[in-house]
1. Is the C-alpha gyration tensor of the stretch 668-820 telling us rounded, prolate or oblate? Criteria: a/c under 1.5 is rounded; beyond that, a/b larger than b/c is prolate, otherwise oblate.
2. In the structure shown, do any of Lys875/Lys995; Lys947/Lys973; Lys142/Lys686 have a Cα-Cα gap over 26 Å, and if so which?
3. Three principal axis extents, largest first, for the C-alpha atoms of the chain, in Å?
4. Compute the acute angle (0 to 90°) between the alpha-carbon long axis of helix 100-112 and the principal axis of greatest extent of the alpha-carbon atoms of the chain; round to the nearest 10°.
5. Please list, ordered by chain and number, the residues whose modelled amide H lies under 5 Å from the amide H of Phe504; skip anything fewer than 5 residues away on the same chain.
6. Mind scanning Lys117/Lys199; Lys582/Lys636; Lys312/Lys748 and naming the pairs with a C-alpha gap bigger than 27 Å?
7. With a 1.4 Å probe and every protein chain kept in, tell me what percent of the accessible surface of the chain is carbon plus sulfur.
8. So, in Å, what gap is there between the alpha-carbon centers of the stretch 762-799 and the stretch 243-276?
Amino acid sequence: MKGLKLTPYTVNSIHGGKSIYPFPSLTTPHPKSTFLFQHNCKSVFSTGSVTRRTMGICYQKCILERARCVQIRVRCSSASVQPVNDELTENKSKDLSMSGDSIRRRFLDFYAARGHKVLPSASLVPDDPTVLLTIAGMLQFKPIFLGKVPRQVPCATTAQRCIRTNDVENVGRTTRHHTFFEMLGNFSFGDYFKKDAIKWAWELSTVEFGLPAERLWISIYEDDDEAFEIWHNEVGVSIERIKRMGEDDNFWASGPTGPCGPCSELYYDFHPERGILNTDLGDDTRFIEFYNLVFMQFNKKDDGSLEPLKQKNIDTGLGLERMARILQKVPNNYETDLIYPIIEKISELANVSYSLADDHTKTSLKIIGDHLRAIVYLISDGVVPSNIGRGYVVRRLIRRAVRTGRLLGIRGDGVGNPEGAFLPVIAEKVIELSTHIDEDVKARAFHIMEELKREELRFVQTLERGEKLLNEMLAEALSSAQENGTVPCLSGKDAFLLYDTYGFPVEITKEVAEENGVHVDMNGFDIEMENQRRQSQAAHNVVKLVVGNDADLAENIPDTEFLGYDTLSARAVVESLMVNGKPVIQVSEGNDVEVLLNRTPFYAESGGQIGDQGFLYVTEGENGRSAIVEVKDVLKSFGNVFVHKGIIREGVIEIGREVEAAVDANMRQRAKVHHTATHLLQAALKKVVGQETSQAGSLVAFDRLRFDFNFHRPPLDTELEEIERLINGWIGDATILQTKVMPLADAKEAGAIAMFGEKYGEQVRVVEVPGVSMELCGGTHVGNTSELRAFKIISEQGIASGIRRIEAVAGEAFIEYINSRDLYMKQLCSTLKVKAEEVITRVDNLLEELRITRNEVSALRAKAATYRASIIASKAATIGTSRTIRVLVECMDDTDADSLKSAAEYLMDTLEDPAAVVLGSCPDEGKVSLVAAFSQGVVDLGIQAGKFVGPIAKLCGGGGGGRPNFAQAGGRKPENLSSALEKARADLMSILTEKAS
């Protein structure tokens with residue numbers, strides 16, 4: 001049977017980390033179409049284009065002419081099915097590059113030629129609150145599938161970056177599992193459906209990519225006769241190679257309710273020689289699923305019944321890494337040109353040969369290669385390592401990669417620094433390969449490298465200590481299990497200690513333990529983790545969709561026309577009213593209400609800026625007002641519909657009435673001032689602390705602004721002062737702002753900065769402070785920087801690992817801030833009876849006087865405690881005959897902890913060795929202090945103060961410990977002190993009597 005063949009220098013290029021383009025790429029565009037937008041053409045048609053001059057002009061012409069013939073045949077066929085034969089398959093394998101970049105480009109070109117709009121990949125950080133990370137190509141289209149956002153195009157195609165960590169343990173161990181992968185997809189939003197989706201998938205696979213038809217198998221849902229008819233009768237797939245599968249395998253559902261439908265999957269057969277009898281498509285040694293077609297045609301209701309969707313949709317996904325493996329004829333996804341160059345770099349650092357390595361070493365190399373791809377793209381999209389949410393995903397992957405690298409013997413940065421970090425060296429290769437995946441990665445390279453270096457070195461500092469402790473714990477668990485004849489188990493408390501104190505992810509602890517044959521008590525660990533563990537869970541790998549009244553409502557409500565850039569008041573019509581989320585016809589005085597207008601001057605919360613406040617007036621006659629709605633907030637819903645949230649202050653408002661919408665001008669000005677100040681702050685930060693800083697979130701409010709940014713250290717006081725100086729200088733320059741709308745590509749080329757977390761369309765609004773700042777922004781801004789009046793930073797702090805937060809004020813809020821601080825200073829001056837310039841000196845003097853007084857009080861308390869101790873010394877009991885041991889256990893009322901310690905030390909000096917003293921007190925309400933002091937003679941008998949006092953403290957609701965001869969403890973239950981001391985006395989007497997006999 002004929003199959004795809006890679007030329008020798010295709011194979012060499014894959015495994016040599018060099019270019020993988022044995023033939024010129026096809027750069028001839030498809031005929032002009034209304035479906036393609038010009039600004040996308042560059043990215044669509046230039047991906048992976050390489051010409052080898054050494055091949056010769058005549059040979060190039062021959063190849064291109066043959067390719068054009070194929071293209072012409074494709075254009076004319078539309079959704080028709082072309083016959084597939086061995087000659088065509090072989091020609092395609094020879095004539096077209098099989099590189100990962102080429103596969104991506106050809107997929108997008110294929111669907112672009114069939115009316116699909118090529119859209120960019122969404123960020124790995126989704127807007128959807130139901131998922132932590134972008135896990136599927138359809139996620140960015142979820143609002144369209146729900147009917148909450150009208151479709152902008154009838155169908156689309158994307159190459160979506162995805163992250164999944166639910167089966168991270170399989171990474172490197174199987175041929176196909178990844179944490180980071182690209183999903184190529186084509187989507188129909190009520191346009192074409194099952195027939196075209198199936199035929200195009202077949203044409204793409206067999207004609208465009210040249211896969212032999214006899215190597216392709218199809219799975220369908222067991223009841224989907226329509227799909228069977230299309231695959232068998234129209235496409236021509238034999239009955240033997242169409243497998244019906246059950247709901248678990250071939251019926252997609254978004255959740256218990258919501259959009260759902262049957263699936264059809266395409267599988268590639270690596271071993272057709274095994275025949276067609278008793279085949280199992282789940283056999284990974286023979287088959288790989290590379291293309292999944294979801295026919296979203298039903299809505300599952302609460303009772304489990306299915307009803308047809310008003311708009312039938314298509315959602316597909318083709319795994320780029322899987323297709324690359326098939327076309328490049330390599331044994332697993334990792335040996336394709338998408339990942340193998342990264343593995344080569346790791347092999348170089350580890351001083352091993354991948355081709356000669358054993359399976360365990362290969363697995364380690366694959367794990368690091370996979371994880372570095374995920375890490376680089378996550379950090380590029382604004383995710384920084386932390387102990388919660390997305391940050392924990394990054395931290396976990398980094399630490400797995402570091403530990404795996406160290407097990408391979410990688411030390412240092414590979415360029416002579418044994419104390420350096422090796423992850424940035426590997427990341428350089430990932431970034432080098434990122435051009436056609438995400439063009440922004442290279443621009444963020446410095447930030448990515450610094451974050452990786454900092455996190456790796458921080459982890460290495462604790463890794464060796466943690467590994468040593470873990471090895472000791474595992475040895476003890478194995479020894480204990482051998483003695484008791486039980487299964488070796490590491491306790492949840494020990495696993496948590498490693499996590500909490502040494503920064504060991506529990507997954508690493510579990511991996512190492514399992515490597516040594518030790519089970520980890522994960523239930524015990526979960527109890528110890530409590531809320532921390534819940535915060536650190538990875539994303540749910542389910543995209544939840546729900547179809548309900550919102551979808552029906554959205555169909556009847558058009559996008560709101562926003563007038564607020566040019567005016568603060570306008571006439572509008574009430575399109576819809578809602579109370580508690582439910583549509584109503586009218587709302588009366590005193591009720592909360594949500595008002596949807598056809599047009600509005602109110603700004604809806606977005607881009608970090610909060611929504612406007614103001615009033616809606618329903619007027620009658622020339623001057624009469626029949627209803628007043630106080631608007632307290634404005635949000636966006638159903639895509640671009642503005643929801644005015646407020647309360648009816650007077651009268652009744654109803655659908656269809658005309659209202660006068662008036663924004664509170666003072667509040668709008670405050671928001672405008674703070675939004676412009678935010679742009680100036682970002683510009684100043686980049687100028688003062690470095691261009692690598694990037695925005696990680698913001699809030700533009702009426703009373704302040706808040707700006708989160710990525711930076712590895714706290715800014716110096718001098719740097720903050722310089723930032724304020726720069727911004728106030730720009731304010732004083734009275735610069736006129738420039739605002740214009742332009743294509744997104746032009747804005748990026750001009751150097752405009754995108755705001756964190758925002759999504760942009762083809763046309764974007766650019767706000768520029770000439771010579772200072774240029775950003776993509778839909779918010780409201782001042783006309784002149786002088787309107788800011790002044791700028792002041794009021795706080796700076798770290799809010800997560802590598803993320804800092806600045807809060808500041810400008811404009812009217814600045815005046816209010818200064819006035820309030822001036823009032824506080826006047827009150828302080830009055831209280832201290834000094835001038836403002838003398839306050840610091842006066843406070844320093846008071847603090848010194850307070851310190852001296854406290855020391856004197858402490859000394860007096862210690863003397864009093866010592867005197868008290870001298871009195872109770874006579875109460876010491878004696879034990880033993882041949883050797884007398886003195887035991888003293890007493891309560892010293894409200895003596896503080898330090899004085900209690902002085903009393904115990906005095907008694908140790910007073911009582912002859914051997915002696916044991918335990919003292920307790922209740923220095924404050926709800927507080928217990930305990931001290932245990934044992935002389936050397938008692939310690940020599942095998943009794944330690946630190947171990948003895950802990951159980952006593954537990955009786956008082958606390959704990960503690962210390963050295964063998966001296967220990968302190970505390971508690972929160974004073975009512976138990978008396979009984980605890982009685983137990984201490986009884987235990988000491990019993991133990992020492994036995995030891996002294």
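The values are calculated or read from the model by the stated rules, or taken from the named source; none is laboratory data. Since this is a predicted model, take the numbers as computed values, not measurements. The area values use the complete protein model at the heavy-atom level, side chains included, leaving out ligands, DNA and RNA. Shrake-Rupley method; radii C 1.70, N 1.55, O 1.52, S 1.80 Å.
1. oblate
2. Result: Lys142/Lys686 exceed 26 Å.
3. 110, 88, 61
4. Helix 100-112 sits roughly 60 degrees off the main axis of the chain.
5. Amide H neighbours of Phe504, under 5 Å, 5+ apart: Tyr499.
6. Lys312/Lys748, as the Cα separations exceed 27 Å there.
7. It is 49 percent, rounded to a whole number.
8. Comparing the Cα centres of the stretch 762-799 and the stretch 243-276, I get a distance of 51 Å.
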